[in-house]
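These notes concern the structure reproduced below.
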Amino acid sequence: MGEDIERVWILITPDKCSGCRLCEIACSLEHEGIIWPEASRIRVFEFLPGVDVPHTCVQCPDYPCVSACNFDALSVDEITGAVVVMEENCTECGACVLACPGSVPRIPEGKGSVVICDLCGGSPKCVEVCHEAGHDALKIVKGNYRSIYRTFAGNPLEKSNEIAKKLFGEGFLW
């Protein structure tokens, strides 16, 4: 599945994130037409004050979320390699959330389906607004990254701990 696709994905550099959450606003405006951060396909987590971790789909090459869906609600875009949600097929069962190594898919209350980053067709609005704001915590990358994708697919809490150790030293316990 998706083997011959030149992947487009979002490289996240959490150290550059200011926590402004403009990415969440841009995403929800693009996909929902309103400011609805809960339905944003990218989320910024702040488990520790000053340590902000953007978290979104890294388009795993083996697509565990797509494989886990028994209702044909998820597919792979042939151009970008992004996961695409067919909202009308989604039953909100959560199998895709459980299958994802980073627990990225979410089911916002009132949405009626799961939300997963579809890369805005190859021009992610979150990346644009992050660059325009001068942070560049998000960057669009093209190409195959098969050997490193799990590094980026991790849990945001674990990423927060890693950043905190870089900022506050190895002795930091949280």
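Annotation: the residues I140, I34, sorted from fewest to most other C-beta atoms within 10 Å of their own C-beta, follow the order I34, I140. Annotation: amide H-H contacts under 5 Å for L74 (H modelled 1.01 Å from N, sequence separation of 5 or more, or interchain): M86. Set Lys and Arg Cβ to +1 and Asp and Glu Cβ to -1, take the dipole of the stretch 8-168 about its Cα centre, and tell me which of V85, S123, C20 lies farthest positive. So the residue we want is C20.
Spacing of the modelled spin labels on K165 and C20, each 7 Å from Cα toward Cβ, amounts to 3.0 nm. Full extension of the chain between S67 and L98 gives 10.0 nm of extra length, using 0.36 nm per residue less the Cα-Cα distance. Rounded to the nearest 0.05, what FRET efficiency is calculated for E87 and E46 with R0 set to 25 Å and r the Cβ-Cβ distance? Working from the Cβ atoms, E equals 0.30. Here the stretch 1-104 is assigned +1 on the Cβ of each Lys and Arg and -1 on the Cβ of each Asp and Glu. Its dipole about the Cα centre then comes out at about 400 debye. This ranking places F45, F71 by how few other beta-carbon atoms lie within 10 Å of each, fewest first, which gives F71, F45. Taking 7 Å steps out from each Cα toward its Cβ at E109 and L29 produces label points 2.6 nm apart. Just the number, please: Stokes-Einstein D of the stretch 8-168 in µm²/s, Kirkwood Rh from C-alpha pairs, 20 °C, 1.002 mPa s. The estimated diffusion coefficient comes to 135 µm²/s. Centre-to-centre, using Cα atoms only, the stretch 103-118 and the stretch 33-68 are separated by 10 Å. Rg of the Cα atoms in the stretch 92-134, relative to 2.2 N^0.38 Å, amounts to 1.43. Only helical runs count toward this figure. For the chain, summing -39,500 (n - 2.57) over DSSP H runs of n ≥ 4 and dividing by all residues gives -7000 deg cm²/dmol at 222 nm.
Bear in mind that the values in this text are calculations on the coordinates, not laboratory data. The structure displayed is predicted, hence computed values, not measured ones. Methodologically, a virtual Cβ is constructed for each residue, glycine included, from the backbone with ideal geometry; neighbour enumeration extends over all protein chains shown.
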